[in-house]
Structure formats: C-alpha cells, structure tokens
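Okay, structure first, notes after.
The values are calculated or read from the model by the stated rules, or taken from the named source; none is laboratory data. Please read all numbers here as calculations on a predicted model, not as lab measurements. So basically every Cβ, Gly included, is an ideal-geometry build from the backbone, and we count neighbours across all protein chains shown.
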Amino acid sequence: MGKLGLEGKHHEGRFLPETYYYTSGTSDIELLSRAYRLMQDTLSRLWPERDPDTPLKTPDEALTLASIIEKETGLDSERPKIAGVFTRRLQKRMRLQSDPTVIYGIGPAYDGNIRKRDLSTDTPYNTYTRHGLPPTPIAMPGAASIEAALNPVSGSELYFVATGDGDGSHYFSDTIDEHNRAVQRYLAKLKVNP
C-alpha cells in the first residue's frame, strides 16, 4: 500500500476484481493502481445512488458490507436480498452473525471448519461477538455487491442459511424459529450428501 501512496490504509477490499488487460512490462504496482482507481471510481459512482434509508454512513462502510455480501453468496440474484437482511440487522442493532467475517478473523489458522469456539472467540472481525460492521472489508467485492449493499431489497427477513441444494442458494427467514428449522433441513441434507 505504501508503494501506491496509501501508507497505513488496509489493503483488503481496495481493488476492484475485474478482468484487466495489460501489456508486457506493466508492473504489478501499475496494475494495482488501476484496480484501486477503478474501485474508487465505482464507489464514487454508486454512493450518490444509494437508498436514502441505508444505515451506511460512508463509502468505506459500503465497501465493508459489500465485502461480506461478496463472501456470503455467489448468486447475483441473492446479493440484494442478503444486503437487505444485513441492513435490517444493522438498523435493529442486531449482530450480523456472518461466518465469513469469523473466518477472516481466524486468519491463516482457519482449517476449513468453523467450530462453536470460533463463533465465541472475540476478534475485531467476529460479528457473532460484536455489533456493527467489522473494521475493514474482508474480501474484494465486485460492483454488484457494492450496488446491493447500497440498494438492498426491502422485506422482513432477518436470517438466511444455505439450502444445501448444491446451487449456492439460501433460504431466507423472518423469525428465529423458521431459521432454526431451515438450519436443521440444511444439516440433514449435509448428512445425506456430505
């Protein structure tokens, strides 16, 4: 970050993931500089078009929420819906309880499994133990995730869990009881199709 003139700025999420064309001899710093500028341009373009009721106060907060959305789903159709869940949770002062933030907080020690102790071990990124957004982005969000974070779908859902159908989709719930039943269905599918 220092070589980009961004000394002290956290690197995660600052570069727009995109297909970049470059010529032989282009340095890594030149390419990273382009990706950084494109992320800044994307944020500058989308920030003024945000939902006026968003709880996000800055473009950096939008980038952080977008990074969580990016890690939660690979389905473009679900991004605004997941953004809606997280937005409602922020508005209600509920914890986000996002597994990808916990994984980011574990860092290199993450072995592919999240255990109960991981959910209760406090780190600055553990959204099970802390309210609000983590201190920095946890991934490089694409423009679709940024747009979703700034323009979430309205609704009443406060929870989601993978369906286990193999297509990356999620089941969305309004209540904790409904969510817990969906979690049990997901776990049952995992036992049948490990």
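The set of residues in the range 28-68 being surrounded by fewer than 16 Cβ atoms within 10 Å (Cβ to Cβ), in a helix (DSSP H, G or I) and among the hydroxyl-bearing types (S, T, Y) consists of S44 alone. Among the residues of the range 145-194, the ones that are within 22 Å of K92 (Cα to Cα), of a type in the set (S, T, Y) and surrounded by fewer than 19 Cβ atoms within 10 Å (Cβ to Cβ) come to 3 in all. Out of the residues in the range 158-194 meeting the condition of being more than 20 Å from the chain's Cα centre (by Cα) and among the hydroxyl-bearing types (S, T, Y), tell me which one is farthest from S77 (Cα to Cα). Of everything passing the filter in the range 158-194, T175 is farthest from S77 (Cα to Cα). Put simply, of L4, L16 the only residue that is closer than 24 Å to G105 by Cα and in contact (Cβ under 8 Å) with a residue 24 or more places away in the chain is L16.
Here A139 does not fit the description of being under 13 Å from the mean Cα position of the chain (by Cα), at pLDDT 95 or above, assigned to a helix (DSSP H, G or I) and not basic (K, R). Tell me, please, whether a residue that is at positive phi, of a type in the set (G, A, S) and not in a helix (DSSP H, G or I) can be found in the range 149-159. Scanning the range 149-159 turns up at least one residue that is at positive phi, of a type in the set (G, A, S) and not in a helix (DSSP H, G or I). Scanning the range 100-136 for residues that are among the small types (G, A, S) and part of a helix (DSSP H, G or I), we see that the one that is farthest from E61 (Cα to Cα) is A109.
Out of all the residues in the range 69-82, which are touching a residue at least 60 places away in the same chain (Cβ under 8 Å), part of a helix (DSSP H, G or I) and more than 15 Å from I138 (Cβ to Cβ)? Selection gives D76, E78, R79, P80, K81.
Just name the residue that is farthest from L119 (Cα to Cα) out of those in the range 65-97 that are of a type in the set (S, T, N, Q) and over 8 Å from the mean Cα position of the chain (by Cα). Among them, the one singled out is S77.
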